[in-house]
Amino acid sequence: MNRQLSRTDNLIHQFDTVLRTLVPHAARPSRPSPAANIEETSMTEADREHTVGLMRINHTGEVCAQALYQGQGLTAKLPDTREQMEQAAQEEVDHLAWCDARIEELEGRTSLLNPAFYMASFGLGAIAGAVGDRISLGFVAATEEQVGKHLDDHLQKLPSHDRRSRAILEQMREDEAHHERWALEAGGARFPLPAKLGMRIMSKVMTKSVYRI
Ligand SMILES: [Fe+2]
Ligand SMILES: [Fe+2]
């Protein structure tokens, strides 16, 4: 009976994570947005649309991060690092909520493709977790490295006067670098170049589609 209950509890918890990630404005951040005390600046329509496109990509990246951590959480053992993984996953919830709020402020919308990216990332996370902890943590590190590169690129591409979006991306950049370091220090395998190249191609497909859809 107890086992049955905890399995049901777990199922509800998993489903709750899916809803909180995919339903707009449902994610609850644990830290205030880095943009909280920064004044809004006026933007041209072209700048606003461009910024929404970039923030939409970052938001989808965070949807993928949620799914990745959730998939891994189901299959990985990670006896010593589970707590750190949960902490990282909570920081990803913050990123998700901050991007979501910024997109709303700019009167944009999040990507319609999020459910598809969620499912794909969940599957990849679950497979990596099942293969073994070294691969699973290596996958986190390689993903965070990729996300860091995106963020650097977006920090260059943002309209220079949009300090609110910039503050969010800068804090995310710092957190992601921390996640990458943690995953490697915890014993994550360094992925070989071809695997990283595959991930780069996948992320190109994501960014190209999500910027518009
Ligand atoms: Fe993140
Ligand atoms: Fe991260």
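The values are calculated or read from the model by the stated rules, or taken from the named source; none is laboratory data. Small disclaimer: the values here were computed from a predicted structure and weren't measured. Positions of Cβ are generated from backbone atoms using ideal geometry, with glycine treated the same way; all protein chains shown enter the neighbour counts. What goes into the accessible areas is simple: the full protein's heavy atoms, side chains included, and nothing from ligands, DNA or RNA. Shrake-Rupley method; radii C 1.70, N 1.55, O 1.52, S 1.80 Å.
Would you tally the residues in region 45-80 being among the aliphatic types (A, V, I, L, M), open to solvent by 20 Å² or more (accessible area, probe 1.4 Å) and over 19 Å from G138 (Cα atoms)?
Qualifying residue count, region 45-80: 1.
G148 versus (1) within 13 Å of ligand 2 (Cβ to nearest atom); (2) of a type outside the set (D, E); (3) open to solvent by 30 Å² or more (accessible area, probe 1.4 Å): which is the lone unmet condition?
The one condition G148 does not meet is (3).
Take the residues in region 86-100 that are of a type in the set (D, E, K, R) and away from ligand 2 (no atom under 11 Å from the Cβ), then tell me which one is most open to solvent (accessible area, probe 1.4 Å).
Applying the filter and picking the extreme gives E86.
For region 113-170, which positions are within 21 Å of E49 (Cβ to Cβ) and of a type in the set (D, E, K, R)?
Scanning region 113-170 gives D153, K157, D162, R163, R164, R166.
Residues A67, A88, A35: which one is touching a residue at least 12 places away in the same chain (Cβ under 8 Å) and more than 24 Å from A186 (Cα to Cα)?
Details: A67 fails: more than 24 Å from A186 (Cα to Cα); A88 fails: more than 24 Å from A186 (Cα to Cα).
On inspection, the qualifying residue turns out to be A35.
Please go through region 107-134 and give me each residue that is among the hydrophobic types (A, V, I, L, M, F, W, C), farther than 15 Å from L74 by Cα and buried (at least 18 other Cβ atoms within 10 Å of the Cβ), ordered by number.
Within region 107-134, F117 is the sole residue that qualifies.
Filter region 157-196 for residues that are farther than 16 Å from V140 by Cβ, away from ligand 1 (no atom under 16 Å from the Cβ) and open to solvent by 90 Å² or more (accessible area, probe 1.4 Å) and give the result.
Selection gives K157, S160, R163, L193, P194.
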